[in-house]
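Enquirer: I am attaching a structure below and will ask some questions about it afterwards.
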Ligand code: G1P
């Protein structure tokens with residue numbers, strides 16, 4: 001399966017940390033976020049990955065490349081895991097010259113993805129799911145007759161709807177909706193429901209034509225949510241609940257909370273860290 005990982009966003013909520021470093025390279029414990037995303041794509045059956053980058057994003061390519069200067073450290077478990085990950089997939093990089101939105105970033109991969117149904121995982125979101133989240137979407141899609149598109153959703157609190165694409169439609173079976181309405185980042189009180197798009201998608205190739213026909217929307221950018229609305233008038237778009245947890249590291253509070261959660265679970269120092277943290281909060 002081909003998987004597209006958009007990672008071209010400016011990371012403006014993280015400035016100045018992201019002035020010359022991609023936000024997708026921010027570490028959660030000892031791994032950059034992009035590595036978790038690539039791990040999920042590969043664990044879901046992705047064998048051909050395209051990361052959409054932009055200016056100041058070269059570190060993303062370097063992370064998955066060989067570095068002979070570090071050969072003395074090649075035996076470290078973390079380095080071996082990264083090497084084996086890079087070996088198990090083919091990685092492509094394409095640059096979005098102008099950061100004109102998520103849908104525009106995906107459109108940059110059209111010639112590579114071609115006419116196949118493909119996965120999309122956002123480069124700044126970690127999903128800890130078993131089975132992996134994209135695999136859960138693929139399984140849903142097969143159960144639906146291998147037609148249409150499937151996007152992951154989860155309920156979001158009323159005061160958070162403006163941070164998400166929100167969808168609505170009839171529930172076809174428990175945890176599976178046929179999408180009829182999609183709104184990108186609605187104002188509070190104007191959301192069609194509480195199902196938020198979490199950033200994992202299995203998309204039919206029809207999305208490319210839909211993107212080309214989608215005008216700029218929220219923030220003056222071409223939004224994937226708007227393109228999915230165009231697509232939903234032509235072919236089925238399903239929203240699926242999933243089992244597992246999602247960690248968005250898009251701003252410093254979310255990133256820090258994610259690090260604390262992962263640190264508490266760390267087999268080496270999690271219990272020590274818990275004691276220290278309890279001491280901090282009294
Ligand atoms: C993007 C999508 C939005 C989705 C969100 C999930 O927004 O446009 O529909 O709900 O990811 O994180 P962003 O967070 O990049 O602004």
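The values are calculated or read from the model by the stated rules, or taken from the named source; none is laboratory data. Quick caveat: nothing in here was measured; it's all calculated off a predicted structure. Cβ placement follows ideal geometry from the backbone for every residue including glycine, while neighbour counts extend to all protein chains displayed.
Enquirer: For segment 95-109: of the residues being surrounded by fewer than 17 Cβ atoms within 10 Å (Cβ to Cβ) and more than 16 Å from the ligand (Cβ to nearest atom), which is modelled with the lowest pLDDT?
Expert: This residue is 98.
Enquirer: Output the number of the condition that residue 136 fails; it satisfies all remaining conditions of (1) surrounded by 21 or more Cβ atoms within 10 Å (Cβ to Cβ); (2) under 30 Å from residue 18 (Cβ atoms); (3) more than 10 Å from the ligand (Cβ to nearest atom).
Expert: Single failed check for residue 136: (2).
Enquirer: Continuing with the same structure: Looking only at segment 112-122, decide whether some residue is closer than 14 Å to residue 6 by Cβ, touching a residue at least 60 places away in the same chain (Cβ under 8 Å) and surrounded by fewer than 20 Cβ atoms within 10 Å (Cβ to Cβ).
Expert: yes
Enquirer: Just checking: which of the strands (runs of 3 or more DSSP E) contained wholly in segment 144-204 hold 3 or more residues that are surrounded by fewer than 22 Cβ atoms within 10 Å (Cβ to Cβ)?
Expert: Qualifying strands (runs of 3 or more DSSP E): 171-173, 176-178.
Enquirer: Condition first: over 26 Å from residue 113 (Cα atoms) and without any contact (Cβ under 8 Å) to a residue 40 or more places away in the chain. Can you find one or more residues in segment 233-255 that meet it?
Expert: There is at least one residue in segment 233-255 that is over 26 Å from residue 113 (Cα atoms) and without any contact (Cβ under 8 Å) to a residue 40 or more places away in the chain.
Enquirer: Which ones in segment 218-245 are in contact with a strand residue (DSSP E or B) (Cβ under 8 Å, 6 or more places away or on another chain), within 18 Å of residue 126 (Cβ to Cβ) and surrounded by fewer than 18 Cβ atoms within 10 Å (Cβ to Cβ)?
Expert: Scanning segment 218-245 gives 244, 245.
Enquirer: Step by step: first the residues of segment 183-212, then only those that are under 23 Å from residue 110 (Cα atoms) and touching a helix residue (DSSP H, G or I) at 6+ places or on another chain (Cβ under 6 Å), then the one that is nearest to the ligand (Cβ to nearest atom). Which residue is that?
Expert: Ranking the candidates gives 184 first.
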